[in-house]
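Read the structure below first, then the notes.
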Amino acid sequence: MFNFGCSDCKPTDPATSTVKVDLKGLASGPEAERLEQEQVQIQLQAEAQQIKEKEASEALRQAERQAAAQQAAKKAEEAIEAQRQAEEDERLRKHREAEQEAQRVRQAEEAGRIAEAAAAELEQECLERENAVAAFLKRHGFTGVNSCKKSLLSSTYPLHKAAEAGDDKMVSLLCRAGANPTQKNSWGSTPAQVAQKSDKKGSHFKVLTVLATPDDAAPYAGQQSAGGA
């Protein structure tokens, strides 16, 4: 018996069967050339598209690398600028501190010079006053600012002599040197009373003003307090 169930004898399913058809083989002449040119053109376009896409991708990566490099360069530049600014701020701070210290030194030196000059001036003034008082006492025969010079008919003191002469500067110097403005001469008069008697139309006004000033009697009052203690 014959076996008619073999697979080789089964009918072909047109839905699943694939048949390769060579269009070029089917065409001939100009049609075959046209088809070949179209295939070449399609292949060239595909290759060009691939190249274009590759170039675009490479350009994008290059742009990203450039952007990253620019960002890194910007950060590095900012860091350098920040460091430079910090160094400049530190330099300016040290400069200000040095300038302030130099100014303090200059001010201290200037204050020292002023104080030294003032002390020297005061010392010179004191010396001049002492010399003026000493010359006055010697000229009028007194041995001290509170010494009494006696004559046959009267006795007087340096302050009385200066008050009588209307010498307000010497009256002030004598008071500052410790002359007693309350001493009385042999006539029972104080230096102020002597000045009042000698005054003519205000000629002894300055003397009376000096004798009335509490500061002029202060040196003598201080001496009296020290002596009493």
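The values are calculated or read from the model by the stated rules, or taken from the named source; none is laboratory data. Since the model is a prediction, treat every value here as computed from it, not as a measurement. Here the Cβ is made from the backbone with ideal geometry for all residues, glycine too, and neighbour counts use every protein chain on show.
For first residues located in region 118-137 and over 20 Å from E164 (Cβ atoms), partners that are of a type in the set (K, R) and lie 6+ apart or on another chain with Cβ distances below 9 Å form the pairs R129/R176.
Can you confirm whether region 131-148 contains a residue that is within 50 Å of the chain's Cα centre (by Cα) and closer than 30 Å to L173 by Cβ? Scanning region 131-148 turns up at least one residue that is within 50 Å of the chain's Cα centre (by Cα) and closer than 30 Å to L173 by Cβ.
Go through the residues of region 53-63 one by one and say whether even a single one is surrounded by 10 or more Cβ atoms within 10 Å (Cβ to Cβ), under 24 Å from the mean Cα position of the chain (by Cα), modelled with pLDDT of 90 or more and acidic (D, E). Explain how you work it out, then say what you get.
We begin by selecting, within region 53-63, every residue surrounded by 10 or more Cβ atoms within 10 Å (Cβ to Cβ); these are 53-63.
Subsequent filtering for residues that are under 24 Å from the mean Cα position of the chain (by Cα) retains none.
No; the residues of region 53-63 include none that is surrounded by 10 or more Cβ atoms within 10 Å (Cβ to Cβ), under 24 Å from the mean Cα position of the chain (by Cα), modelled with pLDDT of 90 or more and acidic (D, E).
Would you point out the residue of region 152-168, among those that are aliphatic (A, V, I, L, M) and in contact with a helix residue (DSSP H, G or I) (Cβ under 9 Å, 6 or more places away or on another chain), that is surrounded by the fewest Cβ atoms within 10 Å (Cβ to Cβ)? Residue satisfying both the conditions and the ranking: A165.
Do we find a residue being closer than 16 Å to V133 by Cβ, among the polar types (S, T, N, Q) and assigned to a loop (DSSP other than H, G, I, E, B) anywhere in region 150-163? No - not one qualifying residue is present in region 150-163.
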